[in-house]
1. So, for the chain, what is the accessible surface per residue at a probe of 1.4 Å, expressed in square angstrom?
2. With every protein chain in place, what's the accessible area of ILE236 (1.4 Å probe, Å², nearest 10)?
3. Leaving out ligands, DNA and RNA but keeping every protein chain, what accessible area does GLU296 have, in Å² rounded to the nearest 10, with a 1.4 Å probe?
4. Once neighbouring chains are kept in place and the probe is 1.4 Å, which whole percent of the accessible area of the chain is contributed by carbon and sulfur?
5. Go through HIS134, PRO114, VAL77 and say which Cα lies farthest out towards the positive end of the charge dipole of the chain; charges sit on Cβ, +1 for Lys and Arg, -1 for Asp and Glu.
6. Give me the percent relative contact order of the chain, please, defined on Cα pairs under 8 angstrom at least 6 residues apart.
7. State the answer as a single residue: which of GLY36, TRP179, TYR234 lies farthest towards the positive end of the charge dipole of the chain, with beta carbon charges of +1 for Lys and Arg and -1 for Asp and Glu, about the Cα centre.
8. Residues in the stretch 235-265, backbone N under 18 Å from the label point at GLN44 (7 Å along the Cα-to-beta-carbon vector): list them, ranges by number please.
Amino acid sequence: MRSSSGEDGLLAGPDGSLPGSALGLVVPSLANPFWGALARELEQVSARDGYQLRVCNSERDRGREFRYVEQLLNEGVRGLVTCSSSRDMSHLVPLIERGARVVAVDRSAKPGDPACVANVCVDNAAGIRLAVDHLRSLGHRRICYVSAPIPSVSRDERSSAFAAAVAESGLEEDECAVWPPRAHVPFGDTALAELGRTAACELLTGEEDQATAFICVNDMCALGFSSGALDLGYRIPDDISVVGFDDVLLAAFFHPPLTTVRQPLAVMAEAAFAAVRGMVEGGDRPTGSTVVVQPELVVRGSAGPVRTRCTRG
């Protein structure tokens, strides 16, 4: 498929038009390779059935997301997949009332949602439990969860799941912490690696009883954290262990390769396409439905047995 990007960031066909068989995909930012991989999977499944995909970057800005969805709707695109994982979908209600058919990926249904929005997400709680249980099996008792500042349904679920997994595993809550970046630190989706590096600098300096293992909100954050730890002289996994979430392509090629929780993007893309196509072609209007897919732990080299005490190389 040939496409070009105009000043507004909307991908259009060679003649600038949007065919009636087009679907819209609004991602937070293609700067995060996770969203690029999802776009590729959704484009493939859409093309298989004669649909073209138009991609926009919202930067998790509700106003920007509204404008993109409105533009697509005005140009005849009724099927939309959004990925901002917003806690509140009310900003899209006027466009839904005009005929937009919306599937929200990376989000589960919440009270107060528009009744006609379908949702597709990974089981975030199961994913975090996989990470915690793996680190426990390696002997880790002091585990830190590295969060991210921009609120979203999926990030909320992962933070809550970490607290629940710690309690269920019998770990001491005062030894397992959540690192919340300072409120004024502007780390959006385009700066998640830098967020991880900042976390490493704050968590790995000056504390004798620091955590021995770190679970990061996603892979880009985990890769940044690992880079920051290596810069500080820590050896991974000899001194500390790091686990990510997503399984982006870069995770397997980092040194050491990143242990992570894989989101099955092909399955998620199939589910999102089936839902949006059903609404566009058949008029199906789901009532707060959510398709939940199961994650998989991918064990690589960044997590190892706990050391009695973390040291620097």
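The values are calculated or read from the model by the stated rules, or taken from the named source; none is laboratory data. Fair warning: this is a prediction, and the values are worked out from it, not measured in the lab. Cβ coordinates were reconstructed from backbone atoms using ideal geometry, including for glycine residues, and neighbour counts include every protein chain displayed. Keep in mind that these areas ignore ligands, DNA and RNA; they rest on the heavy atoms of the full protein, side chains included. Shrake-Rupley method; radii C 1.70, N 1.55, O 1.52, S 1.80 Å.
1. 41 Å²
2. 20 Å²
3. 90 Å²
4. C and S fraction of accessible area: 51 percent.
5. The listed residue farthest towards the positive side: VAL77.
6. 20 percent
7. GLY36
8. 246-252, 262-265
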